[in-house]
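Asks: Take this structure, written in structure tokens, and hold onto it; I'll ask about it next.
What follows is calculated from the coordinates using simple rules that are stated; it is not laboratory data. Computed from a predicted structure; not experimentally measured. Please note: Cβ atoms are built from the backbone with ideal geometry, for glycine as well, and neighbour counts cover all protein chains shown.
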Amino acid sequence: MCNSQLKGGWYRWQWRWSGKFWCPSLSATIMGETAAVAITLAVVLTRKRDTTEKTTMGTISVTTSTTTSVIPNIPANARWNQSGVTVAGGHGGGNATNQLNRPQGLFVDDDRTMVIADYYNNRIIQWKMGDTNGQVVAGGNSQGNRLDQLNWPADVLIDKETDSLIVCDRNNRRVVRWSRRSGTTQGEILINNITCWGLAMDGQRYLYIADTNKHEVRRYQIGDKNGTIVAGGNGESAGFNQLNSPYYTFVDQEQTVYVSDRDNHRVMKWNKGAKEGIVVAGGQGQGNALTQLSYPQGLFVDTLGTIYVADSWNNRVMRWPKEAKQGTVIVGGNALILLVTALHRPLSTEQYIDLLYEHWHTLNLLDVFQYGIQCSDELIFLNLL
């Protein structure tokens, strides 16, 4: 068990208008000989029309329509609050509906309903804001490969067009779809034979999937079984046309693909139709200098091209302005030993941005380096100061 635990929470940054707010968050556990913490960050957007509100950073005016997507810019001088509120889990690792067990990807809908890839519980669990228990909405029938089962689901998103969940069913090497309608008892296979990790969907409903075995990202139309390579696909290495274990992706409105090129310790940008990528963060070898990354995972990019990336083995989340040669630390990087394991992707069709961290801990330090984490604890939000 962890000997000492500090719950700094989730950072979640959301433009306020109806009592909502920006905030990314931080959860931490002090590392003992047999304990460690990992954190994952997700980014989700929601929509609002013709809104003006004063915040601590000044007056923000946003005007959108139902057909226009706007991703707000995060102020460079933003400060991050360290106190959080648990919104899912928090009762130790387990399979009860008030527990999580190594949660991975998550998605937050317009009404702030969360769907969480509850990795070791082989289920997708839905959690409404303020609830003390979640509801299993996919899987949860033990580990297996039947259509009513999942096997270590790594990511999930909501396809609003069909009101369905799209799930990376990682150990079954497939991507599946589950209807959100009442009475659904099993999913359907969309794509087979893919070692998926991160999922993203753009405003035209193209699905982007990072394949950690083929070291590539493919774009799919729904119903397409083969897809088109949009990043990597030239073997496992560090060339500008290559990737090495891509984990998460971000796709902007021009279908530019940003990839956390995990084992190359860099973030790559691939313009639509490009044969090679551009290094936009890291790429200076593994290390902890401000010019370096160490196993980056999740990422988010705002409309100015500023990159936010979870620098997992450096225990920090970094901000890299467009064309910058080095980043700045916005979360972590302190005396606590943290493992920031995944800053998840946004869905770029809505207006708010929520940054959420998942807080995990492990019973064995060795497992952290081999497998990431062993059991999870909770999801926590933090407010922007």
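Asks: Structure shown: which of LYS214/LYS269; LYS225/LYS322; LYS160/LYS214; LYS214/LYS275 lie over 24 Å apart, alpha-carbon to alpha-carbon? Walk me through the intermediate numbers first.
Replies: Working: LYS214/LYS269 18 Å; LYS225/LYS322 35 Å; LYS160/LYS214 29 Å; LYS214/LYS275 16 Å.
From LYS214/LYS269; LYS225/LYS322; LYS160/LYS214; LYS214/LYS275, over 24 Å: LYS225/LYS322; LYS160/LYS214.
Asks: Measuring from a point 7 Å past the Cα of LYS325 along Cα-to-C-beta, which residues in region 229-268 have an amide N at less than 20 Å?
Replies: Only 266-268 fall inside the zone, counting backbone N under 20 Å.
Asks: What nm distance separates the two modelled labels at GLU236 and ILE222, each placed 7 Å from Cα along Cα→Cβ?
Replies: Going by the 7 Å Cα→Cβ label model, 3.4 nm.
Asks: So, by mean Cβ neighbours within 10 angstrom, what's the order for 177-184, 307-314, 250-257 with the highest one leading?
Replies: Ranking, from highest mean packing down: 307-314, 250-257, 177-184.
Asks: Tell me the relative contact order for region 214-266 as a rounded percent, counting alpha carbon contacts under 8 Å between residues six or more apart.
Replies: It rounds to 27 percent for region 214-266.
Asks: Oh, and also: Tell me, in nm to one decimal, what length is gained between GLU276 and THR291 on full extension, where the rule is 0.36 nm per residue of separation less the Cα-Cα distance?
Replies: 3.2 nm
Asks: Hey, another quick one. Whole-Hz ³J(HN,Hα) for each residue in region 320-326, computed from phi via Karplus 6.51 cos²θ - 1.76 cosθ + 1.60 with θ = phi - 60°, x for glycine and proline: what do you get?
Replies: Each residue of region 320-326 in turn: 10, x, 4, 6, 6, 8, 8 Hz.
Asks: Give me the distance between the Cα centres of region 258-276 and region 135-172, rounded to whole Å.
Replies: 27
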